[in-house]
Each structure stands twice: as structure tokens, then as C-alpha cells.
Amino acid sequence: MSGDVMGALDGLRVLELAGGVAVAHAGKLLADLGADVIRLEPAGGDATRRLGPFRPGEGPAGDVDSSVDGHIDSGGLHLFLDAGKRCELDEPERRMALMGEADVVVHDVTAGGLTAAGLEPAALVAAHPALVTCAITPFGLTGPYAGWRSEEVTTNHAGGWGWLSPGSSGRPDLPPLAPPGHQAEMQAGMVAAMAAVAAQERARRTGRGEHIDLSVQAHVASMLEAAFVAWTYPGWPADRLGVHTLNPWGIFECRDGLAFIVVAEQDQWLRLVELMGHPDWADDDAFASVAARNENADVCNLLVGEWLATQEVDAVWHAAQARRICVAPVLTMGELGGQAHLAARGALVEVDNPVTGPMVQPGPPAHGLAGWGVRGPAPRLGQHSGQGFRPRTAAVAAPPPVPAPVSVGAAVATTPDPVVTPPARPLEGVRVLDLTWVWAGPFAALQLAHLGADVIKVESAQRPCLGRRLPFHPPGVEPSLNTSGYFNQWNQAKRGISLDLGTPEGVGVARALAARCDVVVENFAPGVLERLGLGYDELRRDHPEIVLASVSGYGQTGPLRDYMAYGPTAAPLTGLANIHGYVDGPPSELGIAFGDPAAGMAAAWGVVAALAARNRTGQGSHVDVSLWESTLACQGEGWMWRELTGSDLERSGNRDPRWAPQGCYPCAPDPSTSVPGADPGEAGAWVAITCTTEDDWAALCAVVDADAAGGASVAGLGADAAWATMAGRLADQDRLDERLTAWTATLDRWEVTRRLQAAGVAAFPSLSPRDVAMDPHLEARGFLEQLEHPVVGRRIHAGVPWRLTSGPNGVRAAAPTLGQHTAEVLAEVLDIDADELDRLQAAGALGQPA
């Protein structure tokens, strides 16, 4: 643990109004970096304490059954999410007093409860002008759905992730799946921590606080990989039934377990053929190219699968990686603890909890900041009541009333009086050099751009971002490096320059730019940046306060640091794929390359925290992010299930082991789901429903039973004595789901949703990317962006999932064309005139005409 080491956020006071997983995760991330986090909980404890998992016989009562509240201090999710925090009981006067001393408040109170909770945004700003508050709610505090109920499963389907999962299932009769482990809320918690710290740093400079309104649905919709732009650009419908765009790709059986493989490039295929002993079938024209293998994906995967079935998992993993082929084991949670690479990097940490004794749990999502780690055990309920926040030290004193200088690249400017300063995004004045490509790295830099940073994207015609080469082009537009929706989605609001890093002159310009930037973000393979002469040691010689964020598959250190990974490998490596899938089905893919947005968010969070630390200490940082660990850090529930029960969480589709009914249910065919080029209704129309309390169950019964009483051809629910209790419903889920399906199948998915929401039941359709792009709520919140692009015109993009009160909202500009801002940036940042630009062009530094 890191409790004795000063952390990057030491002195930051955070009031966590305890609620659900997203708020708890935001608080955990802040506590892991040294913030003084007080959880304010109701007398009976918050929801996360009851989620478990529990180890039978443990808890304050010792002999209490593991399903009751006697274990209020020993639930696994609480132990994971609340480590390093302190806990006071929530009373109105105490809440107001602590709010007056806090720098940041995080909560998940929805729009209807804000006034009663003392959290109405306008009142907060008036009472505490420098306070940063972040509300993390399923749909945000404004818009048509703001008052609707939602739980993790319904929010996930509302954001479009569930519709895509499990990847390439080929089973239209089975429902789309939300992944287990509260993945949507875990990611939203990281967004909240990032945005709140960025806003609080602005408050330290200007005295102007912020109210951040974060929608979990919108953030889920912002990480749908290529599926969203596949619809908004070429008009291709994406769902869980389609085949992969690269092959071979998938989870395959080996002699002693399961392995995941994806072959992205032709040279990788040739090396795989060599590894397989060059079988005769590999010479067939059907497998001669990427396109040919995609056309013959079924046969290709079958034949590769036959070979893998003769191999042992560990042997093929290491043999393939030695040839730079992306193979990874499909690990169980129990197997994670034996991974030497994770041990070498300290990815799993032991926490000595007085309630349960020493326990191992996943550590932070990245490395590189002082004191970054779990800083103590989770608190007992009310353990620290009346203690309040710790005194601030001189090194982290409260912000001065007069604005202090703010760093802008290598220059220093004085911020004007906050009263007359126009509203600004939290990171305005920060300059970022973006050396990334594809998804994880660009996604990280995109978050910084959304927060207001000036992000300078570096690429060249000699090495254009792979995203520019992916075939997501709009109809009627000549395909080019400027027309792919994939690139245009992940590079919004950035300035693009052309710079050939394969030339000494190009590297020299990049190094000069880095010296005038606050942040550099890169996702080369480990060692590449050093070989270019742009490693952290070189960069900080030019600029000692530089923040470098490096994103890679396995991290910058450790025995497997040179292994390659793509986003889809993270779920197999972290045990997530093993617990994801249908009841009695095999481990499944998640539908999106989850490791990429998980690592991208971890990198963006690390950068914001590093900038905050630099403001306190004057020291730069090298933030080291791996796809493996950033995804593992979100597996608290699955990991703690194994730690406390001795077995992995069972695959259960959309169900939950704690409550029923919960699932995704078929509805009547919906004409709006039919799209050009697809069979009408092939992927179905589905609605997610969950009842987490007896009140929810009673409300659901009232709606369904009213139809039954009115003569509809469905049977009622409430009269069945077997379902009178949660335990009874959990024991009889198959029959319960059959009865509920008989009702939903007669109705349109939106009719089911509106009727149940009116009764207070969490329900929402499983939205396709097309649905997301046309969603009136996301449109009303300004999430769907249609900025003018010089080549493709106006296309719908996923925008910013949060709304600010004291700063501008929305995306500032469309993605750049290749080299669009080269002359502008080099003149502005490096004072390069036209003659010098011509010289650099002649030397090949710019890669293409400026």
C-alpha cells in the first residue's frame, strides 16, 4: 500500500455522497492518489455495501447469513471501491458543513432529488463559488430521460454497448448482453474523477468552481469503437451477429484451456503460417490476403482452430508473441494471481482489512505518479464520524484568493481577474503533443481536447494513422485519407500536422514541439520512443516539467513488456471474457475492443492527475498505462468474487446473482430497427428490465397484471406464490423470464419502456448504433455532434458526455485533414517562417507538402 507516501493529490478534499458504483469508483481513484476522501453514507449504509460478494460467516456479527445487512462492512465491492477512504454518517447539517470545506463533491443524485439533497447546481454555485461538483447519473440531469430509473444493465443497453455483445455470436435468438462487473459505471467513475480534478485545478487558479453533469449513457455511447461511425458514415448496421473485419479472430479451444487470437496485418498472417508449420491449406488463394481471409472467415477460423486445439495455451501464447502475433490466454480470475508479469509491475496489491484480514485486489489503472496505490483498507460504516477533513499542509494549502500564474506551454501568463475572465474549459492553456494512432491513444488525447487542451496531432503521409485507412467512408465521397469516420471520430477538436518521424529533421521538430508542450501522449511499442530520441529522459532534459503518457499492451516494464496487444485482448487477459457470456455458454468477447477505451481513459486520467501534481510540486511525470492493467483495475467485482468465494462468477447473460427478474427481453418487431442492406429485424428488438427491490417487483406486476386482467393473451405475475420473494424469483428465473417474455413479445420496445418507467421500473431498449445516432435525449443534451468537415461535410459523431455550467460545452472543431495545421502550428509554437518551412519540406521532415 502507498499510505505513507505523498500522493499527487495530497491535500485535495473530496466529499463523496455515497450511492452507486460510479461515484464510489470516482472516489477510489482520487483516494488512490492521496486525496482526503470522506464517504458520507446513510445510517444503513449505501448500495455498494450490499452488493457483495460475501464470504459466508464473515462480518461484524460473524454468524449472520451472507445475504443480510449484518455484513455491511465485509462486501467485496465495498472493500475494493472504498479502500483508502474515510466514512461519516450523512446528516443534513453535517453534509452542509463538509460541503463548505470540500474542494470536490461527487454524487449520483438524479434531477428530481437535487433540491432536497441540497445539490441544486445554481444554489451550490451561489453558496460555494470555488467548489467543483460532479453529478454522475444514468442519463444526466437534463433531457427527456433525466427522470428515468436505470441500473447498470439498462444503462449499458441504453448506451449501445449491449447491442454489440457478445461479438460475432451468430445467434439472433439469444439477446444482446451487457458485460458483467459494472463496466459502464466503472468507466464513468474514471471520467468523473478526470473532469473533476481538471475543473478543480482551474478553480485553484481562478476561484471559479464548476458543476459537471455527466451522463453514463452518453459515455457508453462515446466508446462504441467503429460501430457508431459505421452507421453515420457508410450506413452499415453493426450488431452482435456480424463477422469480424479481420481474420482469424476469436476465442479458440486449446488442449488445456482457451486462447484468443487476432491477426491484423498480412505479415502477422505469414508468421502465423510459419508457426503452424506451414500447412498445405495455407497456400490456398482463399487465405492469401486480408480481404480473402475475411471473405472466407468461417473456413479460416475453423482451420486455425483445428491447429490451436493441438496446442497448450501458455506454449502457443509465448511462441506466437515471440513472432509478434497477437495471442493471449483466456484467463480465469484465479489464474491472474499467478502471472509473473503482473507481479513484477505490482498490479495486484495486498490490503490488510481489519474486517476480513489481508486480501489481494487489483491496484490502480496505471503507474508513474508518486504514491499512486491503495492507501488503506475500506472504512467501517460511520468509522470516522465527526472527524472531518484533515488539516491542509503548507505544501498543499487552499488556493489563494488572488489568481496565480498559469503555465501555457513554455510561457507563463497571468490569469485575469476571475470576475471578468470569460468561461473557459478546464484545460484551456494546456498544450498536448499527440503521437498516437488507432484508438487507445487517440481516445486519451480526445478526452484532453474535450477538456479544452490544445492537442496537436502528429502524423504523415508516409505513416498516416491506421484509423485514416479503415474503410468507413460516406457514400458519394471519394475515399481518401481524410474521409474515414474512424479517424474523424477519435480526433475531433485536434490540430493536425504532418511530420515524418522517420527523418532526423522530423524528429528534431517533434522534440522542439515537445519542449513547448505540457503533455506528450504516445502509444508506440515500448522502446520505440527512446530509439527515436524522444524518450522521457530526453524530453525532460528539454522540459523538466513535461508529462509523458505512454500507452502499450503490457506496459513499459516487466518480463512481457515487448508482447503486443490489441484492445480485444484485454478482456481475455483480465478474466472478464471468462465471466462474460450466456448461461451455460462459453466465454465470450465483449463486442467492443474494451481494452482501448479503458486504457485511453486511464491515460487521460493519469495526465490530468500528473498536471495537478505538477502544479503542486513543479515535477513532471511519466504515466505508464497498459491495456492489461487498466482493464484489470475495473474488475473489482469479478476479482473479489473469486477472492471471497473461491470460485469465479458464473456466466449468466444479462442476469445478476442478487436480484430477479433482470434480463434483455424480445419485443414485437420494430420497423425502426430495419435498415438498408439488412434482413428486417434480424438482430431483433429487445428491452432490458431489472427489478432490484420488492417495490420494483410490485410495480412490474401491476403493469403486467393489468394487461392480463384486461384480456391480453399474457398471464399475470403477482399471483404466483413462488415469486413472492427475491429468493424465490432467483431460484425460478427460467420460468419467470418465460412469463415476462410472453408479455414483452407482444409490445413495442419503447412502449414497454415508457409504461415501466412511468411505474418507476428500470427499463430501456437495447439501442443499436443507429438508435444512438438518432436518440432524442442524446440530441437534446448536445452529445450528437455534426460539425462541418472540409471533405465529408456534416456527419454525426459522438461528442462530449458531460455538460459544464461554468465553461463552454460541445466539441470545438471537426477532426483535421492530413497536415491541415502544419504551417499554422509550426509558426505559432516554434516561430517557423515560410523559408524555414520550405527548408524542412525539402529535407523531408514534413512528409508531404504543407
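For the stretch 499-567, just run the numbers: alpha carbon Rg, then divide by 2.2 N^0.38 Å, N being how many residues it has. Let's see the in-between values first.
Details: Rg = 12.5 Å, N = 69, 2.2 N^0.38 = 11.0 Å.
It is 1.14.
Working out 0.36 nm times the residue gap between Ala286 and Glu751, then minus their Cα-Cα distance, what length gain in nm do you get to one decimal? Provide the component values of the computation, followed by the final result.
Numbers: separation 465, 0.36 × 465 = 167.40 nm, distance 4.72 nm.
The Ala286-Glu751 span can extend by a further 162.7 nm.
Calculate the FRET efficiency for Arg390 and Glu828 from the Cβ-Cβ distance with a Förster distance of 60 Å, rounded to the nearest 0.05. Don't skip to the answer; put the middle values down first.
Numbers: r = 44 Å, r/R0 = 0.73.
Given R0 = 60 Å and the Cβ-Cβ separation, E is 0.85.
Given C-alpha coordinates of the stretch 743-811, what is the ratio Rg to Rh with the Kirkwood estimate of Rh? Working shown, then result.
On the way: Rg = 16.1 Å, Rh = 14.5 Å.
Reported Rg/Rh (Cα atoms, Kirkwood Rh): 1.11.
Cα-based Rg of the stretch 177-247 per 2.2 N^0.38 Å, rounded to two decimals? Display every interim value, and only then the final one.
Values: Rg = 17.3 Å, N = 71, 2.2 N^0.38 = 11.1 Å.
So the stretch 177-247 has a normalised radius of gyration of 1.56.
When only C-alpha pairs under 8 Å and at least 6 residues apart count, what is the relative contact order of the stretch 118-201, in percent?
Rounded, it is 29 percent for the stretch 118-201.
Say R0 is 45 Å: what FRET efficiency, to the nearest 0.05, do Glu530 and Glu253 get from their beta-carbon distance? Display every interim value, and only then the final one.
Working: r = 39 Å, r/R0 = 0.87.
That pair, Glu530 with Glu253, gives E of 0.70.
Stokes-Einstein D for the stretch 610-748 at 10 °C, 1.306 mPa s, Kirkwood Rh over Cα pairs, in µm²/s?
Translational diffusion coefficient: 84 µm²/s.
Using every Cα-Cα pair within the stretch 559-617, state what percent have a distance larger than 17 Å. Numbers along the way, then the final one.
Working: 948 of 1711 pairs.
Percent of Cα pairs beyond 17 Å in the stretch 559-617: 55.
Return the long-range amide H neighbours of Ala549 (sequence gap of 5 or more, or a different chain), with a cut-off of under 5 Å between placed amide H atoms.
Amide H neighbours of Ala549: Val520, Val521, Glu522, Val623.
Starting with the highest mean, order 306-319, 19-32 by the number of other Cβ atoms within 10 Å, averaged over the residues of each peptide. Before the final figure, lay out the partial values.
Values: 306-319: 16.4, 19-32: 27.7.
By packing density, highest mean first, the sequence is 19-32, 306-319.
If one computes P(r) from the Cα atoms of the stretch 550-648, what percent of pairs lie at distances over 20 Å? Walk me through the numbers on the way to the answer.
On the way: 2270 of 4851 pairs.
For the stretch 550-648, the share of Cα pairs beyond 20 Å comes to 47 percent.
Based on Cα positions only, what radius of gyration and what Dmax would you give for the stretch 619-665, in angstroms?
16.2, 53
Of all beta bridges DSSP finds with both residues in the chain, what is the antiparallel percent, to the nearest 5? Intermediate values should be presented prior to the final figure.
Details: 38 of 83 bridges.
So the antiparallel bridges amount to about 45 percent of the total.
At 7 Å along Cα-to-Cβ for each site, give me the label-to-label distance between Asp838 and Glu295 in nm.
Between Asp838 and Glu295, the simple spin-label model gives 5.0 nm.
Between Arg323 and Gln383, what is the spin-label point distance in nm, taking each point 7 Å from the Cα along the Cα→C-beta axis?
5.2
Determine ³J(HN,Hα), in whole Hz, for all residues of the stretch 245-258 in sequence, where each value follows from phi through the Karplus function 6.51 cos²θ - 1.76 cosθ + 1.60 and θ = phi - 60°; x replaces Gly and Pro.
For the stretch 245-258, the Karplus curve yields 7, 10, 8, x, 7, x, 9, 10, 7, 10, 4, 10, x, 10 Hz.
Divide, for the chain, the radius of gyration over alpha carbons by 2.2 N^0.38 Å, where N is the residue count. It would help to have the intermediate numbers written out before the result.
Numbers: Rg = 26.2 Å, N = 850, 2.2 N^0.38 = 28.5 Å.
Expressed relative to 2.2 N^0.38 Å, the Cα Rg reads 0.92.
Just to check I understand the Karplus step: with θ = phi - 60° and J = 6.51 cos²θ - 1.76 cosθ + 1.60, what whole-Hz values come out for the stretch 110-125, glycine and proline as x?
7, 3, x, x, 5, 5, 4, 7, x, 10, 5, x, 4, 5, 5, 4
Could the peptides 814-821, 683-690, 724-731 be put in order, highest first, of the mean number of other beta-carbon atoms found within 10 Å of their residues? Please list the in-between numbers first.
Numbers: 814-821: 21.8, 683-690: 25.1, 724-731: 14.9.
Result, highest mean first: 683-690, 814-821, 724-731.
What FRET efficiency do you get for Ser647 and Ala340 if R0 is 22 Å and r is their Cβ-Cβ distance, rounded to the nearest 0.05?
Efficiency, from the Cβ-Cβ distance: 0.40.
So what does the Cα-only Debye profile of the stretch 221-379 read at q = 0.14, 0.17, 0.18, 0.20 Å⁻¹, as log10 I(q)/I(0), no solvent term?
-0.89, -1.05, -1.10, -1.21
Name the residues whose placed amide hydrogens come within less than 5 Å of the amide hydrogen of Ala493, ignoring near sequence neighbours (fewer than 5 apart) on the same chain.
Ala813, Ala814, Ala815
Using a probe of 1.4 angstrom, how much of the accessible area of the chain is carbon and sulfur, in percent?
Numbers: 15500 of 28920 Å².
Accessible surface attributable to carbon and sulfur in the chain totals 54 percent.
With a cap of 16 neighbouring Cβ atoms within 10 Å, and only residues DSSP puts in a loop, list the trypsin sites (Lys or Arg not before Pro) found in the stretch 299-370. Show your work: numbers first, answer last.
On the way: sites: Arg323, Arg324, Arg345; in loops: Arg323, Arg324.
Answer by residue number: Arg323, Arg324.
Given the Cα-Cα distance of Arg94 and Gln786 and 0.36 nm per residue of separation, how much length would full extension add, in nm?
Details: separation 692, 0.36 × 692 = 249.12 nm, distance 4.54 nm.
Value of the extension gain: 244.6 nm.
Percent relative contact order of the chain, based on C-alpha pairs within less than 8 angstrom and at least six residues apart?
The normalised contact order for the chain reaches 18 percent.
Among 114-121, 611-618, how do they line up from the highest to the lowest mean number of other beta-carbon atoms within 10 Å? Could you put the intermediate results ahead of the total?
Numbers: 114-121: 15.4, 611-618: 18.8.
Peptide ranking by packing, descending: 611-618, 114-121.
What full-extension length gain, to one decimal in nm, is calculated for Arg658 and Ala122 as 0.36 nm per residue of separation minus the Cα-Cα distance?
Working: separation 536, 0.36 × 536 = 192.96 nm, distance 3.80 nm.
In short, 189.2 nm is gained.
The values are calculated or read from the model by the stated rules, or taken from the named source; none is laboratory data. Predicted model only: the values in this text are computed from it and were never measured. Positions of Cβ are generated from backbone atoms using ideal geometry, with glycine treated the same way; all protein chains shown enter the neighbour counts. All accessible areas refer to the heavy atoms of the entire protein, side chains included, with ligands and DNA or RNA removed. Shrake-Rupley method; radii C 1.70, N 1.55, O 1.52, S 1.80 Å.
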